[in-house]
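Nothing in this text is a laboratory measurement; each read-out follows from the coordinates by a stated rule. Everything quoted here is computed from the prediction, not taken from an experiment. For neighbour counting, all protein chains shown are included, and Cβ atoms are generated from backbone atoms with ideal geometry for every residue, glycine included.
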Amino acid sequence: MTTFAQLLRPALLLPLATALPGLVGCGLIASPARADAAAPAPAPAPAPAPAPASASDRPDEVSLLIEQGRQALEKKKIAEAGQFFAEAEKKDGGTLRTKTWVIRTWMEDGRINDSLNAIDALDREGAQGPAMDYLYGMAFAAKARDYIATGTGGAAVQMSLDDAVRFLEKAIRADPALARDAYLPLAEAAWYARKLDVARPAAEKAVARAPEDYYAQFMLGRIALAQYGATRVTADKVAEADANWETARKSLARAAELLGKPESPELVDQLARVEVDLAHTYVWKEKLDDAQREYADAIGWKPALVDLTQVRTLLGSERFLAALESAASAIKTHPLAEAPDVATVQWWLGWARYEQKQYDKADAAFSEAVAKWPGYANSWYYIMLSRYHQRDYEGSAAALRRHFDTDPADLVASIGESPETNLRIVDFLVGWLGDKERFEEAAILSDVQTAVDPANSRYWNNSGLFWRDAGDALRKTDRPGAAAESLAAFEKSWKAYTKALELEPDNPAFLNDAAVILHYYLDREPERAKAMYERAAERAAIELERKDLAPEVRELYQTALRDSKNNLEKLARGDKRE
């Protein structure tokens, strides 16, 4: 798995070109001949040959080994670089000149703490000068990246960034040749430290040194964009701001071009980040067509690295949908795309289509998302809504049931995001299932409602009613195991009625229906059932004296009064269910 430290690691820097000896030029062109000239002018005497370089002018063997090691290091050939530096150190006797590069190799190998310990040891021995500043600066820059990778914030990361900037600036001023690879780490550290006046020239030097380095171009683009954001609102700096914007656009576009079609997960992540920043650059100038294109590319490479909620806000719903349609097609062609990446794009595509009321297409996208990655369980919730709006109640109920089976807590949370609207939809589906005598499914959806709104006694009552009817239907079949399933349904019914009575202990309808479960279906606690029937009759008579009862409530209580009295008589006679 790619770490953030890898994402932030400076890009490879190109090795220095090897100078070729000698000069190549044109010969001299003779002046026109004089009319009285008897003979051509003699050829000029040859220039004296350059004196051979003295031994003191030629690089010594240690210097050559160091240069070979540095070039290998800049190509990220760490093991090869280490061999060159180890040989140089052996020949040099372990002076600061060679120890510098041995320690520098440790940094590239991830041994940051070892590097700092070694630098501190050199400091205690009295070592000083540009090499020490360079080592400290590069080590603190690497330390800051580690902090950022692990999410460490506050004083620790800020101190590392500040120290990196301070030491690297000193090293570059004192010995730019020694610190030739420090410009990019300095630009990066200064950018994170929001020292843009330091970051910009460092990034420009890094790009000048290695114009084909995508990461140098990326950092210059990021820094210039930050400068544009800081200056664009100032009326007297419009030209400066626009120049910063153009630098940002040009550098980020070049970084994306250099990355091309990445062949590793690390480079895929980098390309996505570059294109997000390039899209942001276009948004600043309200070039939304260009921004939409770059966001789509970024999403198509690595959706997890794109703040899709922010993109929706910046582009608007229609452009956001268009970007996702493009990304959904592109990501399927990328060989490094993993199932969660494809599923993420499909989920957001479903959401964007749903927002645009393209319910059939939303259903398809959400269905593909959860098929690609079952962890996107709440796709079933949106599938339910999409089908409901198409009046596909069969499919809607099935999706809701699937969500409940897969992740009940997630379903409850999803419905709870807009409970009034969502519970009304579930109410409709419960009634639709009840009318079709699909009692168990109606009971399950009622249970969903009780989980979303456990203080609503009506949902508990509905659950009790449908579990009772489901159990009753089961006991009338001769299917193997039906008797046990029926009993389990009646227990669920009793539990639901009990919860309803906890919320409304004097509701006559609840009292009668709960007593019926004990009396007829569970065949236990007859004394408790008798007391509940008596209480139901008593409370019904009292409530029916009220003049403000709604007609449907009055009818319900009249039924409860009649049924509770009849059930008392049957209980006294020892009548059982048929």
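Here are the numbers for the structure shown:
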read-out: Against the rule of thumb 2.2 N^0.38 Å, how large the Cα Rg of segment 310-369 comes out; value: 1.07
read-out: Mean projected area (nm²) of the alpha-carbon convex hull when the chain is viewed from all directions; value: 48.2 nm²
read-out: Gyration tensor over alpha-carbon atoms, segment 505-578, equivalent ellipsoid semi-axes in Å; value: 23, 10, 10
read-out: Diffusion coefficient, µm² s⁻¹, Stokes-Einstein with Kirkwood Rh over alpha-carbon pairs of segment 436-501 at 25 °C and 0.890 mPa s; value: 211 µm²/s
read-out: Separation in nanometres of the label points that stand 7 Å from Cα toward Cβ, at Leu503 and Glu534; value: 2.9 nm
read-out: Loop sites in segment 124-218: GluC sites (Glu not before Pro), DSSP, at most 14 other Cβ within 10 Å; value: Glu125, Glu212
read-out: Binned Cα-Cα distance frequencies in segment 444-578 - 10 Å width, integer %; value: 13, 39, 35, 11, 1, 0
read-out: Estimated FRET transfer efficiency when R0 is 51 angstrom, pair Glu569-Ala304 (beta carbons, to 0.05); value: 0.15
read-out: From the C-alpha gyration tensor of segment 386-440, square roots of 5λ in Å; value: 18, 13, 11
read-out: Low-density loop cleavage sites - trypsin sites (Lys or Arg not before Pro) in segment 454-520, where at most 12 other Cβ are within 10 Å (DSSP); value: Lys476
read-out: Label point distance in nm, Lys75-Phe428, each placed 7 Å from Cα along Cα→Cβ; value: 6.7 nm
read-out: GluC sites (Glu not before Pro) restricted to segment 291-366 and DSSP loop, no more than 16 other C-beta within 10 Å; value: Glu338
read-out: Most to least packed among 95-101, 506-512 [average Cβ atoms within 10 Å]; value: 506-512, 95-101
read-out: Stokes-Einstein D for segment 227-382, Kirkwood Rh over Cα pairs, 25 °C, 0.890 mPa s (µm²/s); value: 151 µm²/s
read-out: For the chain, size of Cβ-based charge dipole, Lys and Arg +1, Asp and Glu -1, in debye; value: 500 debye
read-out: 3J(HN,Hα) from dihedral phi, segment 481-495, Karplus parametrisation 6.51/-1.76/1.60, rounded to Hz, x for glycine, proline; value: x, 5, 5, 5, 5, 5, 4, 4, 5, 5, 5, 5, 4, 4, 4
read-out: Two-decimal Rg/Rh across segment 172-272, once Rg and the Kirkwood Rh are taken from alpha-carbon atoms; value: 1.01
read-out: Given charges at Cβ of Lys, Arg, Asp, Glu: the chain dipole, positive-most of Asn462, Leu433, Leu161; value: Leu161
